[in-house]
1. For the subset of segment 259-272 comprising residues that are touching a residue at least 40 places away in the same chain (Cβ under 8 Å) and farther than 14 Å from Ser177 by Cα, which member is surrounded by the fewest Cβ atoms within 10 Å (Cβ to Cβ)?
2. For segment 253-269, state whether one or more residues are at pLDDT below 95, of a type in the set (Asp, Glu) and in a loop (DSSP other than H, G, I, E, B).
3. Keeping to segment 175-197, report how many residues are in contact (Cβ under 8 Å) with a residue 60 or more places away in the chain and either touching a Lys or Arg at 6+ places or on another chain (Cβ under 9 Å) or of a type outside the set (Lys, Arg) (or both).
4. Exactly one of these conditions fails for Asn71: (1) crowded, with 16+ Cβ neighbours inside 10 Å; (2) at pLDDT 95 or above; (3) closer than 29 Å to Ile168 by Cα. Give me its number.
5. Of all the residues that make up segment 258-306, how many are more than 30 Å from Met93 (Cβ to Cβ) and β-branched (Val, Ile, Thr)?
6. Go over the candidates Trp236, Trp230 one by one and state the one that is under 19 Å from Asn23 (Cα atoms), at pLDDT below 95, crowded, with 22+ Cβ neighbours inside 10 Å and not polar (S, T, N, Q).
7. Determine whether Ser66 is buried (at least 19 other Cβ atoms within 10 Å of the Cβ), of a type outside the set (A, V, I, L, M) and touching a Cys at 6+ places or on another chain (Cβ under 6 Å).
Amino acid sequence: MNYTFSVPDNKRVRMIVSTDCKNEADDQFALAHHLMTPMFIMKGIVPCHFNMFSRDYGDGHTAQASMDEVNKVLDLMDLQGVCPVCKGSEFPMKDEQTPAVSEGAKLILEEAMKDDSHPLFIACQGALTDVASALLMKPEIADRMTAIWIGGAPYPAGGEEFNLRQDIAAANVVMKSGMKVWQVPSTVYKKVTVSLAELQLNVQPCGEIGNYLYQQMVDFNNTFYQFQEWPHGEIWGLGDSPTVGLLLAEVQRTDLYEMVEAPEISYEDMSYHFTGKNRKIRVYHDPNAELTLRDFFAKLKLNYGM
């Protein structure tokens, strides 16, 4: 990468990215951002399913679609081989006791069990299936990693949300575990908003990867035009990008989140219920949108610009 600065080793963290990369058009931006961020020691990418909204990929084929998209992004960035890519489960968990065993879940638990002074973070940009499965396969990893989850509806009520809908059982496993969780609910991740004009100016000119990121978003925007409320026409949310931005923020910025008891989640309506049995988790209300977007544009221009 074309940086004239370096990140001190004691400031760096291990990172695994779990991404439903072909679900829509923002995961690719977040993945590219992770790969360009020198604070992150990339330990793996887990392409995950979006089987509850499989579209034309078909039942049981969405994790493979995500894997193909991850490899395409790596190719366009000339970063193939930078870290392992291990496919997650093609299906959500059957219940809260049965892991959906996958190569992705194995990667997570194996990395969590390593002795390394660098903290381990898992950027969860979709269903929590593979993280929850890893927890069930080896419960002792709960205190050895932190999950940043883009998902869930606002507090305190909860409710319908896409990533949560993909695997409610997995979300309950994670919430009931002892693992540190930084949750970014839907009303918060939607704050990371860009216009297509901004992307044409700041992203499209930046090599093959920039052109692809921009064009696939325009194409997706046009494909789903018939839905009146989403997409919005001339803007898009880069809702997965807080998985980078939250770690760029100063550690003293405790004003960005609240500590909230981890809820148990209803299978009927995804509402939150507080039993008094679970530890507290971070629930963010400020995704540091300006910092996140400025940093992404700068890194893309430095590394792939004209």
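The values are calculated or read from the model by the stated rules, or taken from the named source; none is laboratory data. Every value quoted in this text rests on a predicted model; they were computed, and no experiment measured them. Please note: Cβ atoms are built from the backbone with ideal geometry, for glycine as well, and neighbour counts cover all protein chains shown.
1. Within segment 259-272, the first condition is being touching a residue at least 40 places away in the same chain (Cβ under 8 Å), and the residues that meet it are 260, 262-267, 269-272.
Next, only the ones that are farther than 14 Å from Ser177 by Cα stay: 260, 266-267, 269-272.
Working: Val260: 16, Ser266: 14, Tyr267: 9, Asp269: 11, Met270: 18, Ser271: 16, Tyr272: 20.
Only one residue fits best here, namely Tyr267.
2. no
3. Residues of segment 175-197 that are in contact (Cβ under 8 Å) with a residue 60 or more places away in the chain, as a first pass: 175-176, 178, 180-185, 188-189, 191-194.
Among the residues that remain, those that are also either touching a Lys or Arg at 6+ places or on another chain (Cβ under 9 Å) or of a type outside the set (Lys, Arg) (or both) are: 175-176, 178, 180-185, 188-189, 192-194.
Here the count works out to 14.
4. The failed condition is (1).
5. Taking segment 258-306 and keeping what is more than 30 Å from Met93 (Cβ to Cβ), we get 286, 288-306.
Adding the requirement that they be β-branched (Val, Ile, Thr) leaves 292.
Residues in segment 258-306 being more than 30 Å from Met93 (Cβ to Cβ) and β-branched (Val, Ile, Thr): 1 in total.
6. Numbers: Trp230 fails: crowded, with 22+ Cβ neighbours inside 10 Å.
Exactly one of Trp236, Trp230 is under 19 Å from Asn23 (Cα atoms), at pLDDT below 95, crowded, with 22+ Cβ neighbours inside 10 Å and not polar (S, T, N, Q), namely Trp236.
7. Numbers: buried (at least 19 other Cβ atoms within 10 Å of the Cβ): yes; of a type outside the set (A, V, I, L, M): yes; touching a Cys at 6+ places or on another chain (Cβ under 6 Å): yes.
It is true that Ser66 is buried (at least 19 other Cβ atoms within 10 Å of the Cβ), of a type outside the set (A, V, I, L, M) and touching a Cys at 6+ places or on another chain (Cβ under 6 Å).
The rows are residues; the columns are (1) assigned to a helix (DSSP H, G or I); (2) within 27 Å of Glu161 (Cβ to Cβ).
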{"residue": "Met15", "(1), (2)": "no, yes"}
{"residue": "Ala32", "(1), (2)": "yes, yes"}
{"residue": "Thr37", "(1), (2)": "no, yes"}
{"residue": "Ile41", "(1), (2)": "no, no"}
{"residue": "Gly44", "(1), (2)": "no, yes"}
{"residue": "Met52", "(1), (2)": "yes, yes"}
{"residue": "Ala63", "(1), (2)": "yes, yes"}
{"residue": "Asp68", "(1), (2)": "yes, yes"}
{"residue": "Asn71", "(1), (2)": "yes, no"}
